[in-house]
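Structure first, commentary second.
The values are calculated or read from the model by the stated rules, or taken from the named source; none is laboratory data. Since the structure is predicted, the reported quantities are computational estimates derived from the model, not experimental observations. Using ideal geometry, Cβ is built from the backbone for each residue, glycine included, and neighbour counts are taken over all protein chains shown.
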Amino acid sequence: MIATLILSYPKMVNRIVVVVGIVVVAMLLYFMGVSGAWVGDVFPALQAEASPQMARIITAIIIALLIAVNWKLLGMLPRTYQIGAVWAELFALLLLFFYSFDLSFTFIAKKIGFLITQGVVTTLYISVVSIAIATVIALVGAIAKLSKNGVIYGLASFYTSLFRGLPLLMQIYIIYLGLPQVGYVIGAIPAGILALSLCYGAYMTEIFRAGIESIPKGQTEGATALGLRPNHTMFLVILPQAMRVIIPPTGNQFIAMLKDSSLVSVVGVWEIMYLARTLGQKEFRHIEMLITASMIYWLLSIGLEIIQARIEQHFGRSLKR
Amino acid sequence: MSKAAHLATGIEMEGVHKWFGSFHALDDINLAIRPRERVVICGPSGSGKSTLIRCINRLETHEQGRIVVDGIELTHDERRIDKIRREVGMVFQHFNLFPHLTILENLILAPVWIRKMPKKHAVEVAMHFLERVRISEQASKYPVQLSGGQQQRVAIARALCMRPKVMLFDEPTSALDPEMVKEVLDTMVSLADDGMTMLCVTHEMGFARQVADRVIFMDRGRVLEEAKPADFFDNPKNERSRLFLSQILH
């Protein structure tokens, strides 16, 4: 019955959906407790008699209408401009949100130099080295996990199970505080790199294994029949194809690792997170430093996203018809 | 090991057995294939045809008996296996081209890495064989850009680049659209005319009649009949082969 109605009067149904949508958004905004204080400033006439209740309702409706108009206007743009416009609007809202904290920009300007020369450099150093080591571990781990040899499989599966199972924070503490107990005194940065590499190596082992297993058996047979040895087959035939499957989740891991490197701050490494906390402490400007650090992490992540897209393009080139 | 005895033999199988779990895939296979001989193997699915030829280049391991290829006996010795694989080319049902490499790169991979051929020379050899399968203008394309028939011809050229003495074909036309079967069979016929030792698992009976010196019929892991194509098709002796032929030749 309803289906027939919807199909018979598409235009009317469309309008009803729009109106209901606006009402629902307005109600949501109202119940989220949107503030109506500014309504009085814009519409002085309302200020005298309207109750605060009324002001909130009006605010909610106005915002809902603005969203609807915005949606409609965005709909008229071509796709690339739509994406750009949405990014610009959301970014503006984000800035507005930060602006509402009443930040001291002079304080940020004063500290950001050191945050970058010391913090970003250290974070990048730790991340890049850890990523490189983790990739090697993952490759070895994945091949070991696919091994028919029980000893090798046992080693690899114990490793992935342990390091995926312990919280990264715990691993950092255990390596930094525990290794000296057995006679290896280890610096804070090497401890951090070791923990990150081992932890992410374990996650990436599974990604690499799944990627290698996703390549059809015929590829190995084709290579074997041509006389290729197993290591040739792996590095010339299987891995280059597996890369296409491996790269997107690996890119994810790299971005996660970049941010997880902030955990290394607990052992006193002067990376972004540590500096953000300590620089803000002295003058009670915590939020300034934390927001600046967040933005830096975001920028670095965007950099990684771009690199990932480039690499994906490279390994996807043979699939274009 | 008497050398003279092996010279006369391309491939020799003696009492070969193979099991997959409890399934008896090859049951006492005895075969001798002379150099330059063209043999077609047919039989119902699951009869062990593919397993038989896959044992020859050790894609499957035989569990009993003796396999000698070009005078080298197949054992667990890796060096022998490598040697035999260099002498034996194989073409698969699903081509198994490497999709991340161009056609030319597919062809020169093994010659460069295994035969240690200089790249320039390998490219010359590759282009020679691409011309032979009449597809040299596609050299810089990727496999997905080619039709099934073209891909299979590339696969044949790829195997030939290693200059094998024996070629194994595992149902090379089964995965092709009907209109592409002929171009692949033509390539195989011209290969046969050049005197290549060939072992083909195929149901293309026209091809078998045209080029085969011998047809081998298998069922349940056993060789049930061996005959010249004319005898096999016109006067099959075995009950099972008669039934099989009546089912595939309408």
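Determine if segment A:278-286 includes at least one residue that is part of a helix (DSSP H, G or I), in the same structural domain as A:F114 (by TED's automatic domain parsing), closer than 30 Å to A:L177 by Cβ and within 20 Å of the chain's Cα centre (by Cα).
Taking every residue of segment A:278-286 in turn, none turns out to be part of a helix (DSSP H, G or I), in the same structural domain as A:F114 (by TED's automatic domain parsing), closer than 30 Å to A:L177 by Cβ and within 20 Å of the chain's Cα centre (by Cα).
A:A138 is checked against (1) in contact (Cβ under 8 Å) with a residue 40 or more places away in the chain; (2) outside any helix (DSSP H, G or I) and fails just one. What number does that condition carry?
(2)
Pull up segment B:106-134, narrow it to residues that are part of a loop (DSSP other than H, G, I, E, B) and more than 17 Å from B:L176 (Cα to Cα), then point me to the one that is nearest to the other protein chains (Cβ to nearest Cβ).
Top of the filtered list is B:I114.
Quick one: in segment A:223-253, of everything that is touching a residue at least 12 places away in the same chain (Cβ under 8 Å) and under 19 Å from B:R86 (Cβ atoms), which residue is farthest from the other protein chains (Cβ to nearest Cβ)?
Step by step, filter segment A:223-253, then rank; the result is A:T233.
Hey, any hits in segment B:76-86 for a residue that's among the aliphatic types (A, V, I, L, M) and at pLDDT below 95?
Yes, the conditions are met somewhere in segment B:76-86.
Output the number of the condition that A:W270 fails; it satisfies all remaining conditions of (1) closer than 30 Å to A:K111 by Cα; (2) in a helix (DSSP H, G or I).
The failed condition is (2).
Answer yes or no: is there a residue in segment B:77-92 that is touching a residue at least 12 places away in the same chain (Cβ under 8 Å), surrounded by fewer than 20 Cβ atoms within 10 Å (Cβ to Cβ), more than 11 Å from chain A (Cβ to nearest Cβ) and not in a strand (DSSP E or B).
Looking for residues that are touching a residue at least 12 places away in the same chain (Cβ under 8 Å), surrounded by fewer than 20 Cβ atoms within 10 Å (Cβ to Cβ), more than 11 Å from chain A (Cβ to nearest Cβ) and not in a strand (DSSP E or B), one finds none in segment B:77-92, hence no.
Counting only residues that are within 14 Å of another protein chain (Cβ to nearest Cβ) and of a type in the set (G, A, S), which one in segment A:287-321 is farthest from the chain's Cα centre (by Cα)?
A:S318
For segment B:165-176, check the following and say yes or no: at least one residue is under 20 Å from B:L104 (Cβ atoms), buried (at least 22 other Cβ atoms within 10 Å of the Cβ) and at pLDDT below 95.
Looking for residues that are under 20 Å from B:L104 (Cβ atoms), buried (at least 22 other Cβ atoms within 10 Å of the Cβ) and at pLDDT below 95, one finds none in segment B:165-176, hence no.
Being crowded, with 21+ Cβ neighbours inside 10 Å and in a loop (DSSP other than H, G, I, E, B) is the filter here, so list the residues in segment B:205-240 that pass it.
Selection gives B:A212, B:G221.
Would you be able to say whether some residue in segment A:254-265 is at the interface with another protein chain (Cβ under 8 Å from one of its Cβ atoms), surrounded by fewer than 17 Cβ atoms within 10 Å (Cβ to Cβ), assigned to a helix (DSSP H, G or I) and not basic (K, R)?
Looking through segment A:254-265, none of the residues is at the interface with another protein chain (Cβ under 8 Å from one of its Cβ atoms), surrounded by fewer than 17 Cβ atoms within 10 Å (Cβ to Cβ), assigned to a helix (DSSP H, G or I) and not basic (K, R).
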